[in-house]
């Protein structure tokens, strides 16, 4: 690298607040990236490092004490400092340059952002270890804490082996491979097993006041990513599409940047605090990422003679006395969470261990081909992700990145004959080919729908892929509509109280569009049917462990098998499937009336639209503390199309945190959506100016526009 951090760095900003950072090399550009991120997102930077290291109670009070205690128990700050020490020299140079840029902006601020007036005091200087702490936070958000291992251990202790394997299937009804080819259909369940389950459900009396058993939909992170090769485009170009599903916040979780240094033009998105473009495009490649349900956490039962060390963490609490937390450490990791089957457990989470985390994904911006990008991803030890790539040679690829104990070789697929790679948080035969990489994936419903939409036979271009990102087909729920129809036919006379609910089911148009009627009722019906059935079958698990939760993400196969089995699997007090389904429909309709709100709810459930229930809900972290200012702090509360099982994946406060469609070397044709704006200042014109394009799916350019100002960091003076 030439020039170092002392080379001149220039930051220009367009009318949307999108910065272009020019420098003599990528280290110098990292300095500019830190500077401009602090300019636009200083409070968010501070919040991310506090969230990572367990220091939120200092500014938000005792309500965040449980969160801080968990983070201190994990020892995120300790692991972040170790990861920083172990970074290769090139990555360390990026982190130090980024830190310098943040602190240069902090030292020259004319005024602190308004948020600090509420939380009190000025932010501390940025530290290089804050970058690795935020990277660990991302790994934590996108990874797991061993919950599925806790669940499986209890189930294996409480249930027959056949029941366990039935409820924890390795396949689902929509499975497809990374190349889009349908997987072999799963085997139907054993009729004798279903008969046994019918008896268990009939004879079980779950506690109606108990907490829900099913916790499988509680981790709100996902994404779609796919790429089509030159075989599927008119001019031989490869095109990438990526939409990351994350909490919708004000400002957005991601930040747009363009980076320019000799031989490189990089346009994409970063997470404030981490000097790495996580999705973007260059002249050579375009890349995107989705969450990988990594198999990198273990719960290790500890014996009575296990040697433990103890450290004490002091947590400052705004408006209260400091709290001291006593953390026990084993040779495997911290003692974490409740006991498992009567034994304390240590969490062995790979990112906390030496070599478990680095910033190697920053090198993706310098990869020249699909293979080189896969090599970069496989070397990196960052958050667990699927990486999808398109290169300037018209080729596409998929692989995974992260740190996986016991994985000898990470899987990849380069330039498949069908010209497609696609992944939507589902696990595939390609994932399964590498042991100890991934487990407990989500339904392949979105991936299957993407494949269907791309099989047009016509050449594809950016606009076609962008249209797929906006698809709101919700055919997943047709099964439940048909279940209601069959139950109504079998039940004979329909009680008048159910006529409104049945009308709502018939009014559904098959989509998750904002104007769709009936979808909210079908979603609630599925959740209530699922909870009633699984609570009955998993009662022995609750008896063994009162905190037991069923956290298997893709449980649609056993759920549908139970709902159409003969003999019928029906929980008490119901005696027939028809009465069970209609009883849960009536309950769901009552819940929907409450959810719609008494002030605005239509007189009939059949008139409740999905957009009335599903809202953007992008809130500023301070708006709960300042309700009188919430209208200024929060982004517009609008009807949000899409649902968890549509390509346009969304639910209130959650959805596409970005949409990118790009072909390498063709940035002028690329599309990027951001749900908000670049600035973190609610008074700034760039606070929410990209929100409407994002909400309505209007094409917006990836490339920045004409600059409105320039800053030369070498002299720290502004030239307008």
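Give the residue, chosen from 533, 465, 470, that is surrounded by 15 or more Cβ atoms within 10 Å (Cβ to Cβ) and either farther than 30 Å from residue 669 by Cβ or over 22 Å from the mean Cα position of the chain (by Cα) (or both). Talk me through it step by step, then tell me what you get.
Details: 465 fails: either farther than 30 Å from residue 669 by Cβ or over 22 Å from the mean Cα position of the chain (by Cα) (or both); 470 fails: either farther than 30 Å from residue 669 by Cβ or over 22 Å from the mean Cα position of the chain (by Cα) (or both).
So the residue among 533, 465, 470 that is surrounded by 15 or more Cβ atoms within 10 Å (Cβ to Cβ) and either farther than 30 Å from residue 669 by Cβ or over 22 Å from the mean Cα position of the chain (by Cα) (or both) is 533.
Within the stretch 664-681, is even one residue crowded, with 24+ Cβ neighbours inside 10 Å, touching a residue at least 12 places away in the same chain (Cβ under 8 Å), touching a strand residue (DSSP E or B) at 6+ places or on another chain (Cβ under 6 Å) and over 16 Å from residue 18 (Cα atoms)? Scanning the stretch 664-681, I find at least one residue that is crowded, with 24+ Cβ neighbours inside 10 Å, touching a residue at least 12 places away in the same chain (Cβ under 8 Å), touching a strand residue (DSSP E or B) at 6+ places or on another chain (Cβ under 6 Å) and over 16 Å from residue 18 (Cα atoms), so the answer is yes. Do the conditions hold for residue 595, that is, is it farther than 25 Å from residue 649 by Cα and either outside any loop (DSSP other than H, G, I, E, B) or assigned by TED's automatic domain parsing to the domain that holds residue 487 (or both)? Spelling it out, it is not the case that residue 595 is farther than 25 Å from residue 649 by Cα and either outside any loop (DSSP other than H, G, I, E, B) or assigned by TED's automatic domain parsing to the domain that holds residue 487 (or both). Would you point out which residue out of 499, 485 is surrounded by fewer than 18 Cβ atoms within 10 Å (Cβ to Cβ), modelled with pLDDT of 95 or more and within 19 Å of residue 580 (Cα to Cα)? Of 499, 485, the one residue that is surrounded by fewer than 18 Cβ atoms within 10 Å (Cβ to Cβ), modelled with pLDDT of 95 or more and within 19 Å of residue 580 (Cα to Cα) is 485. The lone criterion from (1) surrounded by fewer than 24 Cβ atoms within 10 Å (Cβ to Cβ); (2) over 25 Å from residue 460 (Cα atoms); (3) in contact with a strand residue (DSSP E or B) (Cβ under 9 Å, 6 or more places away or on another chain) left unmet by residue 699 is number (2). Within the stretch 568-585, the residues that satisfy the criterion of being in a helix (DSSP H, G or I), touching a residue at least 60 places away in the same chain (Cβ under 8 Å) and either at positive phi or touching a helix residue (DSSP H, G or I) at 6+ places or on another chain (Cβ under 6 Å) (or both) are 578, 581, 582, 585.
Go through 518, 492 for me and flag whichever is crowded, with 18+ Cβ neighbours inside 10 Å and more than 18 Å from residue 452 (Cβ to Cβ).
The unique qualifying residue is 518.
At least 3 residues being within 20 Å of residue 446 (Cβ to Cβ) is the threshold, and among the helices (runs of 4 or more DSSP H) wholly inside the stretch 464-540 those reaching it are 478-491, 519-537.
Being in contact with a strand residue (DSSP E or B) (Cβ under 8 Å, 6 or more places away or on another chain), within 30 Å of residue 64 (Cα to Cα) and at pLDDT 95 or above is a condition met by no residue of the stretch 599-613. Exactly one residue out of 47, 42, 64, 74 is in contact with a helix residue (DSSP H, G or I) (Cβ under 6 Å, 6 or more places away or on another chain) and at pLDDT 95 or above, and it is 64.
All conditions but one from (1) at pLDDT 95 or above; (2) touching a helix residue (DSSP H, G or I) at 6+ places or on another chain (Cβ under 7 Å); (3) farther than 30 Å from residue 492 by Cβ apply to residue 619; the one that does not is (2). Is there a residue being free of Cβ contacts under 8 Å to residues at least 40 places away in the same chain, touching a strand residue (DSSP E or B) at 6+ places or on another chain (Cβ under 6 Å), buried (at least 22 other Cβ atoms within 10 Å of the Cβ) and closer than 19 Å to residue 256 by Cβ anywhere in the stretch 709-718? No: zero hits.
Do the conditions hold for residue 59, that is, is it part of a helix (DSSP H, G or I), modelled with pLDDT under 95 and in contact with a helix residue (DSSP H, G or I) (Cβ under 6 Å, 6 or more places away or on another chain)?
Yes; evaluated as a whole, the condition is true for this residue.
Just to be sure before I move on: is residue 333 over 23 Å from residue 437 (Cβ atoms), over 24 Å from the mean Cα position of the chain (by Cα) and at pLDDT 95 or above in the structure I sent? No, not satisfied. Is it the case that residue 692 is without any contact (Cβ under 8 Å) to a residue 60 or more places away in the chain and part of a loop (DSSP other than H, G, I, E, B)? Here the answer is no, as residue 692 does not meet what is asked.
All of 101, 120 fail the test of being surrounded by fewer than 17 Cβ atoms within 10 Å (Cβ to Cβ) and either touching a helix residue (DSSP H, G or I) at 6+ places or on another chain (Cβ under 8 Å) or within 30 Å of residue 476 (Cβ to Cβ) (or both), apart from 120. For the stretch 96-148, which residues satisfy the criterion of being under 19 Å from residue 83 (Cα atoms), in a loop (DSSP other than H, G, I, E, B) and in contact with a strand residue (DSSP E or B) (Cβ under 6 Å, 6 or more places away or on another chain)? Of everything in the stretch 96-148, just one residue is under 19 Å from residue 83 (Cα atoms), in a loop (DSSP other than H, G, I, E, B) and in contact with a strand residue (DSSP E or B) (Cβ under 6 Å, 6 or more places away or on another chain), namely 143. Counting only residues that are over 21 Å from the mean Cα position of the chain (by Cα) and surrounded by fewer than 23 Cβ atoms within 10 Å (Cβ to Cβ), the stretch 130-153 holds 3 of them.
Could you check the stretch 249-260 and list, in sequence order, the residues that are more than 14 Å from residue 672 (Cα to Cα), surrounded by 23 or more Cβ atoms within 10 Å (Cβ to Cβ) and over 18 Å from the mean Cα position of the chain (by Cα)? The one that is more than 14 Å from residue 672 (Cα to Cα), surrounded by 23 or more Cβ atoms within 10 Å (Cβ to Cβ) and over 18 Å from the mean Cα position of the chain (by Cα): 259. In this structure, does residue 546 turn out to be farther than 23 Å from residue 582 by Cα, assigned by TED's automatic domain parsing to the domain that holds residue 501 and part of a loop (DSSP other than H, G, I, E, B)? It is true that residue 546 is farther than 23 Å from residue 582 by Cα, assigned by TED's automatic domain parsing to the domain that holds residue 501 and part of a loop (DSSP other than H, G, I, E, B).
Just checking, does the stretch 504-514 include any residue being within 15 Å of residue 166 (Cβ to Cβ) and at pLDDT 95 or above?
no
In the condition set (1) assigned to a helix (DSSP H, G or I); (2) free of Cβ contacts under 8 Å to residues at least 40 places away in the same chain; (3) touching a strand residue (DSSP E or B) at 6+ places or on another chain (Cβ under 8 Å), residue 559 is compliant with all but (3). The set of residues from the stretch 201-248 being part of a helix (DSSP H, G or I), in the same structural domain as residue 566 (by TED's automatic domain parsing) and either crowded, with 18+ Cβ neighbours inside 10 Å or free of Cβ contacts under 8 Å to residues at least 12 places away in the same chain (or both) comprises just one member, 201.
Going by the conditions given, is residue 27 in a helix (DSSP H, G or I) and modelled with pLDDT of 95 or more? Answer is yes for this residue.
The values are calculated or read from the model by the stated rules, or taken from the named source; none is laboratory data. Keep in mind that this is a model prediction, so the values were computed, not measured. In this analysis, Cβ positions are derived from the backbone assuming ideal geometry, glycine residues included, and neighbour counts consider all displayed protein chains.
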